[in-house]
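The values are calculated or read from the model by the stated rules, or taken from the named source; none is laboratory data. Keep in mind the model is a prediction, meaning the values are calculated, not measured. Here the Cβ positions follow ideal geometry from the backbone for every residue, glycine too, while neighbour counts run over all protein chains shown. Ligands, DNA and RNA are stripped out before the accessible areas are found, and what is left, the full protein with its side chains, is counted by its heavy atoms. Shrake-Rupley method; radii C 1.70, N 1.55, O 1.52, S 1.80 Å.
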Amino acid sequence: MEQLSFFDSRAMEPLAARLRPQTLEEFVGQEHLLGKGKVLRRLIESDQLSSLIFWGPPGVGKTTLARIIANRTKSSFIDFSAVTSGIKEIREVMQQAEANRRFGERTIVFVDEIHRFNKAQQDAFLPFVEKGSIVLIGATTENPSFEINSALLSRCKVFVLQALSTEELTELLARALSDPRGLGGQTIRMDEELLRALAVHANGDARTALSTLEMVVLNGELDEKGAVTVTKETLAQCISKRSLLYDKKGEEHYNLISALHKSMRNSDPDAAVYWLARMLEAGEDPLYIARRVTRFASEDIGLADPHALSLAVAAYQACHFIGMPECTVHLTEAVVYLSMAPKSNACYVAYEEAKLDAQKQLSEPVPLVIRNAPTKLMAELNYGKGYQYAHDAEEKLTDMRCLPESLLGREYYRPAGEGQEAAVKERLREIKEWREKRRTPGK
């Protein structure tokens, strides 16, 4: 292969662009889709693609796969960007595709960042996908279930691309140092240990890995013969703060808060603190985490340890008063405490079950016995008749029924018996037994 000179226009391109794979054989990663005999590879090799969506994090090869398809297909291939295009451009492309169809030529339309299109723009593709005027290939970093219209999504096969492993990125970086299209025309000394560290830093993103390698080489030590040596110090300077894959409004945001919540529920403080750190170090609002921790205190602990809610609220207040980075220790205290506290979801279950009944019976009248009677007319209508004031009773209990007639006997709160809720469970059992002994049938 011809070596690129410094003055070659391609030599001025970023390393990631110069090394973009041209064939499936050059492609790194996604073996679950592109390995020998796998479904996506077969579809590409046979040029029999139907409409599909590539979904995955940045830098895993979504656009590269589209380019490989463009090189292999006998169809007309139209490259389209959701960032720079609107309804007008979509219509123009669809008219071109319709003209191609009339002449018996299939059209593949690739839409990069398809999630950026609004509903009306996505709807503009739908009739042409339905009648086969185009084969749509969309690329997105966002969950298609939320970002792609259901009608359009139902007509597309979704392929999930995964973040590249450290081993795959290390292989890619080694190739970049030897490939003439990349840095193969230079003498570069860089230990495999440093390549692996750079791969770890890239966090599954090939584009980040290659861009960082290019920066590291440019900042390496140049000797009198023109050879470049990359040292640990050079690498450390170029990757002083690791970029974490995190979008405060995207799916990863919800994945991480779910991981924190479920780690605490599973009484795993080590995992909980790790997921807490992942979010905070990526720039998450500590007050958002504190609110979720407060919810957890009642949803998953409740009366098994009533102090959990107080501590969670105190952590929220501390975060509000102090802010980052000092409030990390307050959130850590709350997360560890809640992880180790006894667990009960009895309060959560009680409300969810009562909510279902309430939604079905929103017009169910309040029993007369527990209504107020502030006027003479209301008293004449038996409002409050038979009401028993618990504080007047020796046991501070009465056998008065407070649920609507249609719900008599329903039980929503069922204590789990963990931690302090064991005492609550016993107290509730005693109350129910006391009432059963004093009630007469129909009372």
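Work out the FRET efficiency for E430 and V336 from their Cβ-Cβ distance, taking R0 = 35 Å, and round it to the nearest 0.05.
Rounded to the nearest 0.05, the efficiency is 0.50.
Using only Cα atoms, figure out Rg for segment 271-323 and give it as a multiple of 2.2 N^0.38 Å.
Working: Rg = 11.5 Å, N = 53, 2.2 N^0.38 = 9.9 Å.
Relative to the rule-of-thumb radius for its length, segment 271-323 sits at 1.15.
Counting Lys +1, Arg +1, Asp -1, Glu -1, what net charge surrounds A358 among other residues with beta carbon under 12 Å of its beta carbon?
Its environment carries a net charge of -1.
Is segment 53-152 best put as rounded, prolate or oblate by its Cα gyration tensor, with a ≥ b ≥ c the root eigenvalues, rounded for a/c under 1.5, and otherwise prolate when a/b is larger than b/c, oblate when not?
Oblate, because a/c is 1.5 or more while a/b does not exceed b/c.
For the chain, which cysteines have no second Cys with its Cβ under 4.7 Å from theirs?
Lone cysteines by the Cβ rule: C156, C238, C347, C402.
With a sphere of radius 11 Å drawn around the Cβ of A416, what net charge do the other residues whose Cβ falls strictly inside it have (Lys, Arg +1; Asp, Glu -1)?
Surrounding charge for A416 is 0.
Between M215 and D399, with labels modelled 7 Å along Cα→Cβ, what's the label distance in nm to one decimal, could you check?
Once both label points are built, they end up 7.8 nm from each other.
Can you pull the percent of Cα pairs in segment 311-432 with separation above 18 Å? Display every interim value, and only then the final one.
Details: 5281 of 7381 pairs.
The calculated P(r) of segment 311-432 puts 72 percent of pairs beyond 18 Å.
Run down the lysines and flag those whose C-alpha is under 17 Å from the C-alpha of K432, throwing out any fewer than 8 positions away in its chain.
K396, K443
To the nearest 10 Å², what's S267's accessible area with a 1.4 Å probe?
We get 60 Å² for S267.
Where Lys and Arg each count +1 and Asp and Glu each count -1, what net charge lies around L172 among other residues with Cβ under 15 Å from its Cβ?
Around L172, the surrounding residues sum to -4.
Mind pulling the angle between the C-alpha long axis of helix 206-218 and the longest principal axis of the chain? Nearest 10 degrees, somewhere in 0 to 90.
Here the helix axis deviates by roughly 60 degrees.
Add -39500 (n - 2.57) for each DSSP H run of 4 or more in the chain, then divide by its residues: what number comes out at 222 nm, to the nearest 500 deg cm²/dmol?
-14500 deg cm²/dmol
Share of antiparallel DSSP beta bridges in the chain, in percent to the nearest 5?
Counting DSSP beta bridges with both partners in the chain, the antiparallel share is about 10 percent.
Grab the beta carbon distance between S165 and E326, set R0 = 41 Å, and tell me the FRET efficiency rounded to 0.05. Can you show the working numbers first?
On the way: r = 36 Å, r/R0 = 0.88.
My answer for the efficiency is 0.70.
Please compute the length gained on full extension between S154 and N266, using 0.36 nm multiplied by the number of residues separating them and subtracting their Cα-Cα distance.
Using 0.36 nm per residue and subtracting the Cα-Cα distance, I get 36.7 nm.
Rounded to the nearest 20 Debye, what is the dipole magnitude of segment 160-240 about its Cα centre when Lys and Arg each give +1 and Asp and Glu each give -1 at the C-beta? Walk me through the numbers on the way to the answer.
Values: 7 positive and 13 negative charges, 36 e Å.
Its charge dipole is roughly 180 debye.
Leaving out ligands and nucleic acids, and using a 1.4 Å probe, what accessible area per residue does the chain come to in Å²?
With the other protein chains kept in place, the chain gives 56 Å² per residue.
Going through the cross-link list K262/K343; K36/K62; K355/K385; K38/K131; K88/K119, which pairs have a Cα-Cα distance over 22 Å in this structure?
Beyond 22 Å: K355/K385; K38/K131.
Taking +1 at the Cβ of each Lys and Arg and -1 at the Cβ of each Asp and Glu, which of V228, N143, P14 sits farthest along the dipole of the chain towards its positive end, judged by Cα position relative to the Cα centre?
N143
In vacuo Debye scattering of the chain, one point per C-alpha: log10 I(q)/I(0) at q = 0.08, 0.11, 0.13 Å⁻¹?
Debye curve over Cα of the chain, log10 I(q)/I(0) at q = 0.08, 0.11, 0.13 Å⁻¹: -0.73, -1.03, -1.21.
Gain in length, Q96 to L287, computed as 0.36 nm per residue apart minus the alpha-carbon separation, to one decimal in nm?
63.6 nm
Within the chain, what whole-number % of the accessible surface is contributed by carbon and sulfur, with the 1.4 Å probe and all protein chains included in the calculation?
The nonpolar share, carbon plus sulfur, comes to 52 percent.
Would you kindly state the longest site-free stretch of the chain, with sites defined as chymotrypsin sites (Phe, Trp or Tyr not before Pro) in a DSSP loop (not H, G, I, E, B) surrounded by at most 10 other Cβ atoms within 10 Å?
The longest such stretch corresponds to 104-388.
How far is it, in nm, from the label point at A354 to the one at D79 when both lie 7 Å from their Cα along the line to the Cβ?
6.1
Could you order M190, M215 by accessible surface area, starting with the largest, using a probe radius of 1.4 Å?
Reading off the accessible areas and sorting them downward yields M215, M190.
Taking the Cβ-Cβ separation of Y413 and S258 as r and a Förster radius of 30 Å, what is the calculated FRET efficiency to the nearest 0.05?
After rounding, the FRET efficiency stands at 0.70.
Could you pull out which residues in segment 400-438 have an amide N less than 11 Å from a spot 7 Å beyond the Cα of Q361, following the Cα-Cβ vector?
Hits in segment 400-438 for Q361 at 11 Å: 403-411.
Dipole of segment 103-203 (Lys/Arg Cβ +1, Asp/Glu Cβ -1, origin at the Cα centre): which of A124, L152, N203 lies farthest to the positive side?
Farthest towards the positive pole: A124.
Taking the Cα centre of segment 279-340 as origin, work out the dipole magnitude from +1 charges on Lys and Arg Cβ and -1 charges on Asp and Glu Cβ, in debye rounded to 20.
Dipole of segment 279-340, to the nearest 20 debye: 140 debye.
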